[in-house]
Amino acid sequence: MPEVGRLLKEMSLCLLDLQALCNILAQRAQGKEPNLSLLLGMKCTGTFSYFLRVKLLEVGQLRRDIDELRKSISDRYAQYMGDSCVSQ
């Protein structure tokens, strides 16, 4: 089943890319300059066994990152809308 191994490897690489994208968006949402290496897509390459060992942890962390990013964007939008309202 070499296809399964290739699929898992590609999914793991996509997960790492999605994590990097979440980090970039979170940095920008906080008004920080994004990490240039993440922005350019430069990453460390590891072994396939590394990806398998930490896959569950990465997915859990990604979920928390997405939730945090969603909250940050929502908070900033609410602040923007509040600042845009004219008091009467």
With the first residue restricted to region 18-40 and required to be within 21 Å of Gly60 (Cα to Cα) and in a helix (DSSP H, G or I), and the second required to be at pLDDT below 85 and among the hydroxyl-bearing types (Ser, Thr, Tyr), Cβ contacts under 9 Å at 6 or more apart or on different chains are Ala20/Ser37
Apart from one, (1) assigned to a helix (DSSP H, G or I); (2) at pLDDT below 85 all hold for Gln79; the odd one out is (2)
Within region 48-69, does at least one residue satisfy the condition of being more than 26 Å from Tyr80 (Cβ to Cβ), at pLDDT 80 or above, part of a helix (DSSP H, G or I) and touching a helix residue (DSSP H, G or I) at 6+ places or on another chain (Cβ under 9 Å)?
yes
* Does Asp17 count as of a type in the set (Asp, Glu), at pLDDT 85 or above and out of contact with any His (no Cβ under 8 Å at 6 or more places or on another chain)? -> no
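The values are calculated or read from the model by the stated rules, or taken from the named source; none is laboratory data. Just so it is clear, the model here is predicted, and its values are computed rather than measured. Positions of Cβ are backbone-derived with ideal geometry, glycine not excepted, and every protein chain shown enters the neighbour counts.
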